[in-house]
Amino acid sequence: MEDNIVNHILCLHKQGQWKEICDSFHNHPDRSKVLWVFPSEENFAFIADSVKELGCDRVLSVGCGSGLLEWMITQATCLPTSGIEVDGAWWRCKYAPPTFIPLLFTAPTLEKDIIRLLHSTTTALLFCYFNNRPAFEEYLKHFTGKVLIIIGPGDGKGVHTDPRPFGDVGEEWTLLKSQEVRSSFDFIAVYRRDQQ
Ligand SMILES: C[S@@+](CC[C@H](N)C(=O)[O-])C[C@H]1O[C@@H](n2cnc3c(N)ncnc32)[C@H](O)[C@@H]1O
């Protein structure tokens with residue numbers, strides 16, 4: 001079953017069919033092996049509009065996993081989207097899930113190249129189903145941009161992430177808007193940092 005979904009998605013990825021991937025697999029029981037959240041076209045448009053309205057021209061996703069979401073954001077919105085993962089050895093081993101973009105790797109202590117990427121005022125920083133609070137805070141400490149997007153489960157979903165989309169960021173961040181991912185109890189929350 002798991003192999004089937006992976007192979008099917010790989011095949012659609014090769015053909016550039018991001019809409020088909022989202023529409024076919026958003027309810028699949030094994031979907032989290034590849035990606036936790038499969039947004040709709042409306043959700044992608046919401047991300048694109050939010051990022052562009054706030055003066056950003058790219059997205060940097062932390063804890064991107066397979067990079068499928070990041071590939072689909074690029075396809076759906078034309079916003080260049082890159083992804084960072086920890087533990088390069090695991091992601092290069094033969095048991096790791098497939099990857100859909102070239103991943104950027106870091107050690108748990110952020111490396112210079114990654115810190116350089118975080119020094120950008122036109123990058124929106126994305127965390128999707130991230131679950132590492134100390135690392136989240138470390139990334140935000142180095143990030144000089146003003147747009148933060150958190151995708152994750154709302155109350156009632158029964159899944160834990162840290163940060164959650166609501167209520168988990170410091171006071172310098174203002175929640176500007178949010179949208180539910182389909183009718184999934186997952187939410188996309190967009191924050192702006194007030195001028196420092
Ligand atoms: C629950 S997974 C979510 C993956 C993907 N974003 C998704 O939605 O399917 C969380 C990911 O965060 C990564 N992660 C944990 N600590 C990290 C760190 N310090 N830097 C980058 N990625 C990290 C993990 O390796 C894991 O792949």
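The values are calculated or read from the model by the stated rules, or taken from the named source; none is laboratory data. All values reported here derive from a predicted model rather than from experimental measurement. Here the Cβ is made from the backbone with ideal geometry for all residues, glycine too, and neighbour counts use every protein chain on show. Remember, those area values only see protein heavy atoms, side chains included, never the ligands or the DNA or RNA. Shrake-Rupley method; radii C 1.70, N 1.55, O 1.52, S 1.80 Å.
State yes or no: is Glu41 touching a helix residue (DSSP H, G or I) at 6+ places or on another chain (Cβ under 8 Å), without any contact (Cβ under 8 Å) to a residue 12 or more places away in the chain, among the charged types (D, E, K, R) and under 24 Å from Ser184 (Cα atoms)?
Against the criterion (touching a helix residue (DSSP H, G or I) at 6+ places or on another chain (Cβ under 8 Å), without any contact (Cβ under 8 Å) to a residue 12 or more places away in the chain, among the charged types (D, E, K, R) and under 24 Å from Ser184 (Cα atoms)), Glu41 does not qualify.
Taking into account only those residues within the stretch 109-143 that are more than 18 Å from the chain's Cα centre (by Cα) and of a type in the set (D, E, K, R), which is surrounded by the most Cβ atoms within 10 Å (Cβ to Cβ)?
Only one residue fits best here, namely Glu111.
To keep it simple, each residue is scored yes or no on (1) exposed (fewer than 15 other Cβ atoms within 10 Å of the Cβ); (2) touching a Ser or Thr at 6+ places or on another chain (Cβ under 7 Å).
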residue	(1), (2)
Ile151	no, no
Gly158	yes, no
Thr161	no, no
Gly170	yes, no
Leu175	no, no
Arg182	no, yes
Ala189	no, yes
Arg192	no, yes
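What are the residue pairs meeting all of these: first residue in the stretch 149-161, first residue of a type in the set (D, E, K, R), second residue more than 13 Å from the ligand (Cβ to nearest atom), Cβ atoms under 7 Å, and 6 or more apart or on different chains?
Lys157/Phe185
Tally time: how many residues in the stretch 50-104 are among the hydroxyl-bearing types (Ser, Thr, Tyr), assigned to a helix (DSSP H, G or I) and within 21 Å of Ile114 (Cβ to Cβ)?
1
Please go through the stretch 74-90 and give me each residue that is open to solvent by 50 Å² or more (accessible area, probe 1.4 Å), within 25 Å of Lys52 (Cα to Cα) and within 12 Å of the ligand (Cβ to nearest atom), ordered by number.
Answer for the stretch 74-90, where residues must be open to solvent by 50 Å² or more (accessible area, probe 1.4 Å), within 25 Å of Lys52 (Cα to Cα) and within 12 Å of the ligand (Cβ to nearest atom): there is none.
Report the residue count in the stretch 1-56 for those that are within 16 Å of the ligand (Cβ to nearest atom), surrounded by fewer than 17 Cβ atoms within 10 Å (Cβ to Cβ), more than 20 Å from Arg182 (Cα to Cα) and not hydrophobic (A, V, I, L, M, F, W, C).
Result for the stretch 1-56: 1.
Could you tell me whether Glu171 is more than 25 Å from Phe38 (Cα to Cα) and in a helix (DSSP H, G or I)?
No; evaluated as a whole, the condition is false for this residue.
Identify all residues within the stretch 92-140 that are closer than 28 Å to Phe166 by Cβ, of a type in the set (S, T, N, Q), more than 8 Å from the ligand (Cβ to nearest atom) and touching a strand residue (DSSP E or B) at 6+ places or on another chain (Cβ under 9 Å); write none if there are none.
Listed by number, the residues that qualify are Ser120, Thr122, Thr123.
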